[in-house]
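Beneath this line is the structure, given in structure tokens, with notes to follow.
Each value in this text was obtained by applying a stated rule to the coordinates, not by laboratory testing. Given the structure is predicted, the values throughout are model-derived calculations rather than measurements. So basically every Cβ, Gly included, is an ideal-geometry build from the backbone, and we count neighbours across all protein chains shown.
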Amino acid sequence: MEQIQITLPEQISHSLIKDLQKEIAPYKSKKFEGQSVWLDFSNTKQLDSAVAVFLHRLKEDFKKQNIELCWINTSEEVEKSLKLFSPLARAKLEAKRKNFFETIGELGYNLFNQFVESIFLFSNIGFWAIVSFFKPGMRRKGEIANQGVLIGVNALPIVVLIAFLIGFILALQSAAQLRQFGANIYVADLIAIAMVSEMGPLITAILVAGRSGSAITAEIATMKVSEEIDALTVMGVDPIPYLIVPKLYALVITLPLLTVFANIIGILGGAIIGVTYLDISIYPFFKEVFSVLRYKEIITGLVKSLSFSIIILLTATYFGFKVKGGAEGVGRVTTASVVASIFFVIVADSILGLIFYFGEPAF
Amino acid sequence: MSESVIQVQNLVSGYDDQIVLNDISFEVIPGEILVILGTSGCGKTTLLKHLIGLIQPFSGQIKLLGQDLINSNEKELLNLMRQVGVLFQNGALLNSITVAENIAIPLEQHTNLNDRLIEDLVHLKLSLVGLSHAANSLPSELSGGMRKRAALARAIALDPKILFADEPGAGLDPVTASSLDRLLLNLRELLGMTLVVVTHELGSIKRIADRILFLHQGKAVFYGKLSDALKSDIEPVQRFFNA
């Protein structure tokens, strides 16, 4: 059996591993099968953990090739490092890989669990919303008004601005087409119906979901991770009527009101285009608006905005209570809540739109 | 003097016009455990922040491993900091990634090791702190003591020559705090590290300290061996140990 001896330098740290590898790698071939490679540590005083782990791994690799790698003339210090930094001693930590069916099964199981959890939470909120209507003492005094200001009044400037721009752009885009047919006056019809039954409720709900829905989720999630919700529970205060129901009332009241504002401002935005670009006088414009708007459009818009307010609150609350972890968990559920709220609002808008479109006009 | 790994001379520092540390001088020899102690608000954490280059003093000199910390440029400071590990008071683990990924950060950033070696080293460091089972957990899923140990594994990832620890036992129960102290002593023994520990927990001080730097109202009122500190007749030191 032949022996090959390599003398190692005085100090070996992780930065020298590549050089060491280059020097030793040529001996890891079939040519040296059955032979021994001796690493001479007589000059070496210190090894860091990376080098020790590297040498252990190298030994394993050589063994697979039927080459013996041994270390000689090791000082007490080097011996200690090699013993301490042995990767063989570590526990096996490989995460169990899931197969396709396990992944699908787990996904289905989680979805079902989330569905059940949300049903429980929503029923709980519904129950306490009715009960606390008759027992106002369960809510914090003045909390509905406070939340109404936070959710509704503070959102008014941005809702008004966006609604105005939507009405303005909608009228501008349709005016160019209607003008070709001499149907200028129908801009009023288009704006009135589009704003009142569709754009007003939808845009307002999306803005409120992004602005107030995220704030509700973040607030509840922060309270949960800092154990404030637990503190309320152990004090015998149910967090649902105390924290959530006032927000629900505030949203249910303010979102339809914001929608009404959005509708009026959107129509005004359209009127500006009608008057300045299509030469329609202000009086015939609004006469046309009032003549085309039936109760059906107004009720459609209000029912939609009422439904959206409940959807936003339930989604925000669900994600807020679902938080796990610390600050990063709050960020995660807040983002998820906004995305889900907007998605559910649009889905609900489509369903309600279909119901009102095909349903018999009762008004 | 030349063999000291940390040398601090006439350090004066503070915030705005307020002086927090006044004329602090001390040195730490290799393999020693220096405990910086004092009552709350005496400037312990500020001193530690100076030693790890996070803040600049008004005047004075700090040398780490023979290198002037205050007048080093960014690159020199970065090279120096690779030889230093810091255990922050709250662990300061990145919460969005797993414990193993946290420990891999310095190895990925400061070495050219391959993924397999990095993985081995991460698991090795975790086993040194007794956290092998928590490699794939998120920091938020760990208890306070486990988070501290995970942060310690990250701090020793690059086999630092000096380890700074800011109140390692804070917020831990006495049993966990004492096991963390034992862990620090073991790591000093095994890795040959020098430790600078900021604490005001008496039990911990008695377990680990070789030398004491006692701060009182921004001044170093005592600097010497633990045995001498216990016998000291300096009033704040006496009051602290007899409390």
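Just want the answer: with Cβ charges of +1 for Lys and Arg and -1 for Asp and Glu, which residue in A:325, A:196, A:250 is farthest toward the dipole's positive end in the range A:108-358?
A:250
Using 0.36 nm per residue, how much length does the chain from residue A:335 to residue A:76 gain when fully extended, once their Cα-Cα distance is taken away?
Taking 0.36 nm per residue and subtracting the Cα distance, the gain is 87.6 nm.
Along the range A:206-223, what does the Karplus equation 6.51 cos²θ - 1.76 cosθ + 1.60 (θ = phi - 60°) give for ³J(HN,Hα), rounded to whole Hz, x for Gly and Pro?
Listing the rounded values in order: 5, 5, 5, 4, x, 8, 8, x, 5, 5, 5, 4, 4, 5, 5, 4, 5, 4 Hz.
Select from A:26, A:136, A:201 the residue whose mean-square fluctuation is largest in a Gaussian network model of chain A (Cα-Cα springs shorter than 10 Å).
Looking only at A:26, A:136, A:201, the largest GNM fluctuation is found for A:26.
Between the range A:326-355 and the range A:119-168, what's the alpha-carbon centroid distance in Å?
17
Between 0 and 90 degrees, rounded to the nearest ten: what's the tilt of helix A:282-292 against the longest Cα principal axis of chain A?
For helix A:282-292, the angle is close to 80 degrees.
If you place +1 on the Cβ of every Lys and Arg and -1 on the Cβ of every Asp and Glu, how big does the dipole about the Cα centre of the range B:1-99 come out, in debye to the nearest 20?
280
Multiply the residue gap between residue A:13 and residue A:107 by 0.36 nm, knock off their C-alpha separation, and tell me the result in nm, one decimal place.
Result for the pair: 29.2 nm of gain on full extension.
Counting each DSSP H run of 4 or more residues in the protein assembly as shown as -39500 (n - 2.57), what helix-only mean residue ellipticity at 222 nm follows after dividing by all residues, to the nearest 500 deg cm²/dmol?
Working: 23 runs with 333 residues, N = 606.
Rounded to the nearest 500, it is -18000 deg cm²/dmol.
Explain nothing, just compute: Karplus ³J(HN,Hα) = 6.51 cos²θ - 1.76 cosθ + 1.60, θ = phi - 60°, for every residue of the range A:43-60 in order, whole Hz, x for Gly and Pro.
Running phi through 6.51 cos²θ - 1.76 cosθ + 1.60 with θ = phi - 60° gives 8, 7, 9, 9, 10, 9, 4, 5, 5, 4, 5, 4, 5, 4, 5, 5, 4, 4 Hz.
Please arrange B:120, B:173, B:210 by how many other C-beta atoms lie within 10 Å of their C-beta, fewest to most.
B:173, B:210, B:120
In chain A, which longest range has no trypsin sites (Lys or Arg not before Pro) that are both DSSP loop (not H, G, I, E or B) and surrounded by at most 11 other Cβ atoms within 10 Å?
Counting at most 11 other Cβ atoms within 10 Å as exposed, the longest clean stretch of chain A is A:142-363.
With a 10 Å Cβ neighbour count serving as the proxy for reagent exposure, in which order, fewest first, do B:8, A:303 appear?
In order of increasing Cβ crowding within 10 Å: A:303, B:8.
Could you give P(r) for chain B, binned at 10 Å from zero, as whole percent values over all Cα-Cα pairs?
7, 31, 36, 20, 5, 0
If we restrict to alpha carbons, what Rg and Dmax does the protein assembly as shown come to, in Å?
34.6, 109
Give me a comma-separated list of calculated 3J(HN,Hα) values for the range B:225-232, in order, Karplus coefficients 6.51, -1.76, 1.60 applied at θ = phi - 60°, integers in Hz, x for any Gly or Pro.
Once rounded to whole Hz, the list reads 6, 4, 4, 6, 5, 5, 9, 4.
Pull up the DSSP beta bridges for chain A and report the antiparallel fraction as a percent, rounded to 5. If you can, show how the numbers build up before the last one.
Values: 0 of 12 bridges.
Antiparallel bridges: around 0 percent, rounded to the nearest 5.
Calculate how steeply helix B:99-110 sits against the longest principal axis of the alpha-carbon atoms of chain B, using the helix alpha-carbon long axis, and give the answer as 0 to 90 degrees to the nearest 10.
80
Once you put a point 7 Å from the Cα of residue A:122 and another 7 Å from the Cα of residue A:4, both along the Cβ direction, what distance in nm separates them?
7.1
Near the amide H of residue B:36, under 5 Å away, which other amide H atoms are found, from residues 5 or more places off or on another chain, if H is placed in the peptide plane?
Answer set, sorted by chain and number: B:197, B:198, B:199, B:213.
Evaluate the relative contact order of chain A (contact order divided by residue number), counting alpha-carbon pairs under 8 angstrom at least 6 apart; express in whole percent. Can you show the working numbers first?
Working: 459 pairs, mean separation 66.5, N = 363.
Computed over chain A, the figure is 18 percent.
Quick check: pseudo-label points 7 Å beyond the Cα along Cα→Cβ at residue A:83 and residue B:239, how many nm apart are they?
4.9
Residue A:172 versus residue A:158, label points 7 Å from Cα toward the beta carbon: distance in nm?
Once both label points are built, they end up 2.2 nm from each other.
What full-extension length gain, to one decimal in nm, is calculated for residue A:279 and residue A:354 as 0.36 nm per residue of separation minus the Cα-Cα distance?
Answer, rounded to one decimal: 23.5 nm.
Where does the charge balance sit around residue A:75 when Lys and Arg score +1, Asp and Glu -1, over other residues with C-beta under 14 Å from its C-beta?
-2
Rounded to the nearest 0.05, what FRET efficiency do residue A:65 and residue B:190 have when you use their Cβ-Cβ distance and R0 = 35 Å?
0.65
Classify the range A:3-89 from the C-alpha gyration tensor, please: rounded if a/c falls under 1.5, else prolate or oblate depending on whether a/b exceeds b/c.
prolate
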